[in-house]
Amino acid sequence: MIVIQDSKFPIVAVQFVNAISLADVEQYLAQFDQWLGRETAFGVLLAQVSDPTQATIEDETVHQAVHRAIVQWGKQNRDRIAQHCVGMVLLIEDAAEFAQKQRAVPKTITAIYGCPGQACATRSAAEQWLQQQL
């Protein structure tokens with residue numbers, strides 16, 4: 001499941017709940033394309049959360065398809081993203097996961113999307129980082 005909030009544009013939030021499906025990614029990328037179409041600066045806050053009330057099935061084939069779709073779209077839209085997206089921040093609230101990923105996330109975001117990237121452990125820190133980029 002995916003929850004997209006852009007009522008606070010130019011800061012938008014995308015929350016993936018449990019495993020990410022190809023349909024979720026298609027919805028996210030279509031929305032990202034709409035944000036780019038506004039031709040104004042914006043920042044993206046990404047969060048992956050677990051909801052124990054919903055079943056989660058990790059399928060490696062789906063995971064690979066999701067990754068390919070994101071990377072391919074990012075490459076195709078890299079110039080537009082670099083022009084309008086001031087940054088993307090990945091919210092990682094689990095302390096152990098944050099410690100493990102905080103150095104790689106900025107490089108990965110920049111490599112895929114062509115805009116600055118950051119990892120933050122709290123939503124307020126993530127929003128503050130995006131505000132500084134605007």
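Go ahead and set up a Gaussian network model of the chain, Cα springs under 10 Å, then flag whichever of Gln27, Gln83, Gln100 fluctuates most.
Gln100
Could you work out the relative contact order of segment 75-134? I mean the mean sequence separation of Cα pairs under 8 Å and 6+ apart, divided by the number of residues, in percent. Write down the numbers at each step before the final one.
Working: 85 pairs, mean separation 26.0, N = 60.
After rounding, I find 43 percent.
Between Gln15 and Gln128, what's the calculated FRET efficiency when r is the beta-carbon distance and R0 is 22 Å? Round to 0.05. Show your work: numbers first, answer last.
Working: r = 18 Å, r/R0 = 0.83.
With R0 = 22 Å, the Cβ-Cβ based efficiency is 0.75.
For Cα extents along the principal axes in Å, one of (1) 38, 30, 28; (2) 54, 50, 34; (3) 48, 37, 27 was computed from the structure I shared and the rest are decoys. Which label?
(1)
Which length gain, in nm to one decimal place, applies between Val49 and Lys8 when the Cα-Cα distance is subtracted from 0.36 nm times their residue separation? Could you put the intermediate results ahead of the total?
Details: separation 41, 0.36 × 41 = 14.76 nm, distance 2.05 nm.
That works out to 12.7 nm of additional length.
Under 8 Å for C-alpha pairs, at least 6 residues apart: give me the relative contact order for the chain, rounded to a whole percent. Spell out each step's value before the answer.
Working: 223 pairs, mean separation 33.5, N = 134.
Rounded, it is 25 percent for the chain.
No lab work stands behind these numbers, since they all come straight from the coordinates. Just so it is clear, the model here is predicted, and its values are computed rather than measured. Counting neighbours? That spans all protein chains shown, and the Cβs are built from the backbone with ideal geometry, glycine included.
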